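Each remark here refers to the structure printed beneath this line.
The values are calculated or read from the model by the stated rules, or taken from the named source; none is laboratory data. Model, not experiment: these values are computed from the prediction. In this analysis, Cβ positions are derived from the backbone assuming ideal geometry, glycine residues included, and neighbour counts consider all displayed protein chains.
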Amino acid sequence: MYLYPMFNRLKNIILKKLFSISIILFIVAGCQKKESNLTFETKSYTSSTLDFCKENICPEIEIERVTAIGNQELADSINNAIEQLLIENLTIDPDESSKILTLEAALKNFATSYRSYKEEFPDASAEYVFTSKSSISSNTDVLLSMSIENYSYWGGAHGYGSTSYLNFDKSTGKTLSINDLIKNQTEFLKLAETKFKKQKGIAAEENINSTGYFFENEEFILPANVGFNDQELLLVYNPYEIASYAEGQIIITLPLEEVKEYLSIDL
């Protein structure tokens, strides 16, 4: 007799919990479906296809750009970040990049700079070149890591090639900085320096600059670009960052299993 009301109350509690769980699962499923709608395509820009190059001389341009589609907020964040990076790399005068708002405007500005150069130095054999290729380096449920490989030549002794990484929080679309990605930088820095020395053949007790690198104040620092692939965290030092141009690009790899405890995201 007394058990029946208790049973009803228990049943109601269970039903309410099941209903709440079903709502949560429905929301999660909706988020997963929304996430799965994010797809990618590659857009190409070349001197031979750009309209403003058809009736006038143009520098060599070859861009393969990954474009995100779907999940509008996330796609816009990704596409805007890639476009801004291309604008900065295409603009010869750094002070002008903040005034240029679109990739098309940056390409036209690059072509105009080239034409001015050819008018001033008509006998110069050097040509302007800009090439760029973006690709997806890692794409997990929580993180999208993209690499953008650029090469530019504006006359002079040699061109300049670099790799930039853009890392995105897929739940918010936010571009993640090194500070966002790594939660314990002091300890991570020690691990990274150990890996750097080991991979570059520097004895553990030796100064970081003992083989010719030029870390400021002889103190190891993280590079401007940190990226991911499916197995590793990548520390990418571009030419001139810590060594001479002849040294080229320096990439230090750290297995994800060894760095998970230092990351602010769950990979």
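The lone criterion from (1) in contact with a Gly (Cβ under 9 Å, 6 or more places away or on another chain); (2) in a strand (DSSP E or B); (3) surrounded by fewer than 16 Cβ atoms within 10 Å (Cβ to Cβ) left unmet by LEU235 is number (3). With respect to (1) under 21 Å from the mean Cα position of the chain (by Cα); (2) at pLDDT 95 or above; (3) over 24 Å from ASN139 (Cβ atoms), the lone exception for SER97 is condition (2).
Contact map, region 188-202: first residue assigned by TED's automatic domain parsing to the domain that holds GLY248, second residue small (Gly, Ala, Ser), Cβ cut-off under 9 Å, separation 6 or more or different chains; pairs are THR194/ALA204; LYS197/ALA203; LYS197/ALA204; LYS198/ALA204; ILE202/SER210. For region 172-184, a tally of residues being in contact (Cβ under 8 Å) with a residue 24 or more places away in the chain and either more than 16 Å from ASN79 (Cα to Cα) or touching a Lys or Arg at 6+ places or on another chain (Cβ under 8 Å) (or both) returns 6. The set of residues in region 129-156 being modelled with pLDDT of 95 or more and either basic (Lys, Arg) or over 24 Å from PHE168 (Cα atoms) (or both) consists of VAL129, PHE130, LYS133, SER152, TYR153.
Of everything in region 103-112 that's of a type outside the set (A, V, I, L, M, F, W, C) and without any contact (Cβ under 8 Å) to a residue 40 or more places away in the chain, which residue is surrounded by the fewest Cβ atoms within 10 Å (Cβ to Cβ)? Once the filter is applied, the top-ranked residue is THR112.
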